[in-house]
Amino acid sequence: MFNFIKKTFSGLHKTRKNIINTFSKIHGKKYLNQNELDELESVLFQSDLSYELTMEIINEFESKTLDDMETWEDKFVDLIKLKVAKENNNSDNAKIYLIIGVNGTGKTTTSAKICNYYKNKGFKSMLVGADTYRAAAVEQLKMWSKKLNVKFVSNESTKDPASIVYDAVTSGLKDDFDKIIIDTAGRLHNSVNLMQELEKVYRVSKKFNEKVKVVLVIDSNVGQNGMNQALEFSKFIPVDSLVLTKMDGTAKGGIAVSMVDKLNIPIDFIGMGEGVDDLVPFELETFLKGLISNEN
Ligand SMILES: Nc1nc2c(ncn2[C@@H]2O[C@H](COP(=O)(O)OP(=O)(O)O)[C@@H](O)[C@H]2O)c(=O)[nH]1
Ligand SMILES: [Mg+2]
């Protein structure tokens, strides 16, 4: 667990840079003047914390005098926790994982990371290449499977991802796999054919009477736009959880907090790099502390 906390803190370096700087300036002050409030408002907003959440914090800080024992950092964490607190039941009970999202968000990498995560937890895990649009994507996933030493199923002779999913899940269940992780092609919600194809893949995966988890992968660099991706994909199939990738390379990490606040879909993991171990279970309090803490 300690390792995950460390990763959360260091992976957020771009988002936290200005925030930490601002919090360190106000550290020890009993109340904040207008300039300090303005600066805080600006850095929180730039990190893609929503306007609404930013204003709530600023309003609260504006009317607040700190006691000797309190810090602005603690106040920040407490306020957001109070406002957005939700149960995150990141449970391990699904068997079939559909990894979906728009192009380039990190679906293939995240499929490998999730497979590795469950394998390390002792689950018998396998990967399925169902991106029938890019041979390179199947090859990429196959390479991950070799590296992780897990079973890999795909079928280059068909362009129908639903048929790959059907065969792969059938064989995976027969061999008693606990986790069948399916990588799919990138698609935009406004592409009707591709969204119908996704619905079909979903329907097929539901036929087995096993718990299916639909995981939407979102590149955190897109900030508030990620919220739209979640809403749009949800119109076609029920999205069960989110993975926010590339947290390590963005200054907009505050989007995770807005998402917890606004969406009824939990964030299960955040991606913190290109390596297979760079996947961290999302935990709101740790994340918030990672944004404002000077430790690393
Ligand atoms: N820095 C960083 N890069 C990532 C992360 N996740 C994926 N990538 C990179 O993003 C690029 C696209 O990833 P890929 O998994 O192929 O995306 P896909 O098109 O959605 O399948 C690759 O170069 C990955 O190594 C992450 O969490 N952090
Ligand atoms: Mg891919």
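Quick note: the coordinates plus some simple rules give every number you see, no bench work behind them. Everything numeric in this text was worked out from a predicted model, so none of it was measured. Heads up, the Cβs are rebuilt from the backbone with ideal geometry, glycines too, and the neighbour counts pull from every protein chain shown.
Across the range 189-198, coupling constants 3J(HN,Hα) worked out from phi with the 6.51/-1.76/1.60 Karplus curve, θ = phi - 60°, read 4, 8, 8, 4, 4, 5, 6, 5, 4, 5 Hz, and Gly and Pro carry x. Between the range 36-109 and the range 174-230, the C-alpha centres lie 26 angstrom from each other. Taking other Cβ atoms within 10 Å as a rough exposure proxy, Thr109, Thr22 sort from fewest to most as Thr22, Thr109.
Ellipsoid semi-axes for the range 57-183, based on the Cα gyration tensor and the rule √(5λ), read 43, 17, 13 Å when sorted largest first.
If you line up the long axis of helix 72-84 against the longest principal axis of the chain, both from Cα atoms, how many degrees apart are they, to the nearest 10? Helix 72-84 sits roughly 50 degrees off the main axis of the chain.
A DSSP coil position with no more than 10 other Cβ atoms inside 10 Å describes the following GluC sites (Glu not before Pro) in the range 66-163: Glu87.
Among Lys246, Lys83, which comes first, then next, by fewest other beta-carbon atoms within 10 Å?
Lowest to highest Cβ neighbour count: Lys83, Lys246.
Model label points for Ser10 and Ala85, set 7 angstrom from Cα along the Cα-to-Cβ axis, are 3.2 nm apart. Counting only residues at least eight positions apart within a chain, or on another chain, the aspartates and glutamates with an alpha carbon under 20 Å from that of Lys206 are Asp92, Asp131, Asp160, Asp167, Asp175, Asp176, Asp178, Asp183, Glu197, Asp240. Evaluated at q = 0.11, 0.12, 0.13 Å⁻¹, a Debye calculation over the C-alpha positions of the chain (equal weights, vacuum) places log10 I(q)/I(0) at -0.66, -0.76, -0.86.
Of the DSSP beta bridges with both residues in the chain, give the percent that are antiparallel, rounding to the nearest 5. Each step should come with its number before you reach the end.
Values: 3 of 29 bridges.
Of the beta bridges lying entirely in the chain, close to 10 percent run antiparallel.
If you take the square roots of the eigenvalues of the alpha-carbon gyration tensor of the range 1-139 and sort them as a ≥ b ≥ c, do you get rounded (a/c under 1.5), prolate (a/b over b/c) or oblate? Here the range 1-139 falls in the prolate category. Among the listed pairs Lys159/Lys207; Lys86/Lys262; Lys6/Lys211, a Cα-Cα separation exceeding 22 Å is found for Lys6/Lys211. Approximating the spin labels as points 7 Å out from Cα along Cα→Cβ, the Lys142-to-Glu199 distance works out to 3.3 nm.
The length gained on full extension between Val192 and Asn294, counted as 0.36 nm times the residue separation minus their Cα-Cα distance, comes to 32.0 nm.
Loop-resident GluC sites (Glu not before Pro) (DSSP state other than H, G, I, E or B) in the range 215-296 with no more than 12 further Cβ atoms inside 10 Å of their Cβ: Glu295. For the range 193-258, the extents of the C-alpha atoms along the principal axes are 41, 25, 18 Å, listed from largest to smallest. A straight chain from Asp68 to Glu39 at 0.36 nm per residue would run longer than the Cα-Cα distance by 8.1 nm.
With a Förster radius of 30 Å applied to the C-beta separation of Arg134 and Leu231, the computed FRET efficiency comes to 0.70.
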